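Let me begin by presenting the structure, written as structure tokens, before commenting on it.
What follows draws every value from the coordinates through simple rules; no lab data is involved. Everything quoted here is computed from the prediction, not taken from an experiment. Neighbour counts run over all protein chains shown; Cβ positions are idealised from the backbone, glycine included.
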Amino acid sequence: MSDAPAIQLPPIDDLLHEPARLRLLAILAVVKRADFTYLLKLTGMSKGNLSVQMNKLGDAGLVQIEKSFAGKRPRTVYQLTREGRDALRSYKKNLTIILDALPD
């Protein structure tokens, strides 16, 4: 038990806190749109992991997923949604509060 006053820390969104998803959201925050191949090369993730993580973000409404064909080749393009930007902004704010609460 401690005599130090208790502090209230904000919650951390577990969906965003996972490193692969956080990396993908950060990339999408600085580019307008990105296709599967671009994200694959930039992140070094496996095709399966990238697909799973993007589907989780899409299911949560944080990323818009657009599937089409370029000739006979499938093409998947991702874009951060307004909800995704808001969630990322909130995550950054909460994490900053938590980190600022740490002693020097």
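At a glance:
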| item | result |
| --- | --- |
| With at most 15 neighbouring Cβ atoms within 10 Å, loop trypsin sites (Lys or Arg not before Pro) (DSSP) excluded, longest segment of the chain | 34-71 |
| Sites Thr76 and Lys56, calculated FRET efficiency, Cβ-Cβ separation with R0 22 Å, nearest 0.05 | 0.90 |
| 222 nm mean residue ellipticity, helices alone, for the chain (DSSP H n ≥ 4; -39,500 (n - 2.57); rounded to 500) | -16500 deg cm²/dmol |
| Nitroxide proxy distance, nm - points 7 Å out along Cα→Cβ at Ile98 and Val31 | 2.7 |
| Span from the the stretch 32-59 Cα centroid across to the the stretch 63-104 one, whole angstrom | 11 |
| Simple spin-label estimate for Leu9 and Tyr38 in nanometres, 7 Å along Cα-Cβ | 3.6 |
| Contact order relative to length of the chain, as percent, for alpha carbon pairs under 8 angstrom and 6 or more apart | 33 |
| The chain - charge dipole about Cα centre, Lys and Arg +1 at Cβ, Asp and Glu -1, debye rounded to 20 | 960 |
| Under 5 Å, built H, 5+ apart or other chain: amide partners of Asp35 | Tyr78 |
| Among the listed pairs Lys32/Lys92; Lys67/Lys93; Lys32/Lys72; Lys41/Lys93, those beyond 27 Å (Cα-Cα) | Lys67/Lys93; Lys41/Lys93 |
